[in-house]
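The values are calculated or read from the model by the stated rules, or taken from the named source; none is laboratory data. These figures come from a predicted structure and were not determined experimentally. Note: ideal-geometry Cβ built from the backbone for every residue, glycine included; neighbour counts use all protein chains shown.
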Amino acid sequence: EESSEALQPIKIAESSSRFDELWDISLRARIDEAMEAGEIFCVYQPKIDTRNGNMTGVEALVRWQDPARGFIPPMHFIAQCEKAGRMDALTEFVFEHACAAGRLMHFRGRSITMSVNISATLLSDMKIVGMVRNVLQATGFDPRFLILEVTETSRIGNLETAEMVLNELKALGTRISMDDFGVGETNFETFFELPFDEVKIDRLFVANITKSAKAKAIVTSVVQMGRDARIGVVAEGAEDAETLKLLTEIGCTHVQGYILARPMGLDNLMKFNEFGESGAREA
Ligand code: C2E
Ligand code: MG
Ligand code: MG
Ligand code: MG
């Protein structure tokens with residue numbers, strides 16, 4: 001009887017979703033332990049000025065390498081972290097590591113910017129301001145080089161509150177970036193109302209500029225918009241030389257993508273692009 005029951009597709013579906021649920025519950029239970037054990041850590045992806053090949057900054061990206069489960073994609077565990085009410089803790093963890101890494105790079109004479117992702121849900125109260133202030137103080141990282149990338153801007157609850165929080169963060173000296181511009185429910189109202197200094201054009205458009213006239217038109221107009229509004233524009237997800245060439249022709253000079261550099265650990269970052277860097281000479 002048991003085996004015939006197991007053959008029913010509905011049972012298989014149920015048991016697999018039950019498995020996912022248990023998997024996620026145990027994932028949530030291990031977040032703090034994983035941060036402490038170094039299973040959760042940061043990697044850094046360079047942002048390159050294509051006019052001269054210099055690295056002008058990096059983006060901190062969180063990773064979870066679990067000894068038993070292997071690599072857990074950030075999108076997945078970030079969602080679990082939110083569910084567990086541990087987003088504050090994870091964000092603080094990333095800020096601490098990112099600012100310490102940024103401080104170290106500056107100490108070595110390489111004045112790069114450090115971008116840290118913050119999820120829009122953290123803009124619903126002032127807690128994040130104190131956290132960022134404390135981390136800046138503790139690490140000694142120059143706030144003028146810190147860029148906060150707001151992800152999932154569609155999840156901003158209240159624009160006025162978010163504006164207040166972002167203005168406080170800017171008052172610390174930091175810059176604010178709108179991530180994944182043009183996808184999901186990112187919209188012009190959010191862009192218009194909030195004090196962004198930079199937009200990051202989503203990879204969906206960037207990756208398709210050589211294949212799609214629409215994608216090319218979108219990237220071109222965002223670049224133009226950035227110029228007119230005096231807002232920085234970064235293209236994310238350039239994967240091949242042809243894309244890079246076209247981005248340059250369009251006038252998009254700040255690019256992140258596998259063709260230029262993949263996310264890497266701090267040890268490799270310190271060696272990356274060491275001699276092509278103008279920042280080091282300007283400092
Ligand atoms: P994002 O902020 O838009 O980051 C860019 C993502 O694109 C990263 O994925 C990066 O590894 C990937 N990427 C960069 N260049 C290329 C390319 O040329 N081709 C392809 N296929 N991918 C490229 P990752 O690290 O998996 O992160 C995914 C998302 O998770 C991030 O998207 C961000 O929204 C979120 N995330 C990552 N770290 C953090 C964090 O510390 N805090 C928060 N709140 N979110 C984070
Ligand atoms: Mg980002
Ligand atoms: Mg992005
Ligand atoms: Mg993206």
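The table that follows gives values for the structure above.
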item	result
Filter result for the condition that a residue is under 13 Å from the mean Cα position of the chain (by Cα), aliphatic (A, V, I, L, M) and either in a strand (DSSP E or B) or more than 16 Å from ligand 2 (Cβ to nearest atom) (or both), over Val94, Val62	Val62
Flag for Gly85 being more than 14 Å from the chain's Cα centre (by Cα), outside any helix (DSSP H, G or I) and free of Cβ contacts under 8 Å to residues at least 24 places away in the same chain	yes
Filtered residue count, the range 50-71, keeping only those that are surrounded by fewer than 19 Cβ atoms within 10 Å (Cβ to Cβ) and within 12 Å of ligand 1 (Cβ to nearest atom)	3
Filtered residue count, the range 28-56, keeping only those that are touching a Ser or Thr at 6+ places or on another chain (Cβ under 6 Å), of a type in the set (Lys, Arg) and more than 16 Å from Gly237 (Cα to Cα)	1
Residue check for Ile176: of a type in the set (Val, Ile, Thr), more than 12 Å from ligand 1 (Cβ to nearest atom) and either outside any helix (DSSP H, G or I) or under 17 Å from the mean Cα position of the chain (by Cα) (or both)	yes
Test: residue in the range 186-206 that is modelled with pLDDT under 95, within 15 Å of ligand 3 (Cβ to nearest atom), within 20 Å of the chain's Cα centre (by Cα) and not polar (S, T, N, Q)	yes
Qualifying residues in the range 61-75 (those that are under 14 Å from Ser119 (Cβ atoms) and either touching a residue at least 40 places away in the same chain (Cβ under 8 Å) or touching a Cys at 6+ places or on another chain (Cβ under 8 Å) (or both)) - the one nearest to ligand 3 (Cβ to nearest atom)	Leu61
Single residue of the range 187-218 satisfying the filter (in a helix (DSSP H, G or I) and within 14 Å of ligand 4 (Cβ to nearest atom)) that is surrounded by the most Cβ atoms within 10 Å (Cβ to Cβ)	Val206
Positions within the range 199-233 being in contact with a helix residue (DSSP H, G or I) (Cβ under 9 Å, 6 or more places away or on another chain), more than 21 Å from Glu189 (Cβ to Cβ) and within 16 Å of ligand 2 (Cβ to nearest atom), in sequence order	Val206, Ala207
Residue within the range 110-119 that is part of a helix (DSSP H, G or I), of a type outside the set (Gly, Ala, Ser) and without any contact (Cβ under 8 Å) to a residue 40 or more places away in the chain present	no
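Here's the yes/no breakdown for (1) more than 16 Å from ligand 4 (Cβ to nearest atom); (2) at pLDDT below 95:
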site	(1), (2)
Val233	no, no
Ala241	yes, no
Leu244	yes, no
Phe272	yes, yes
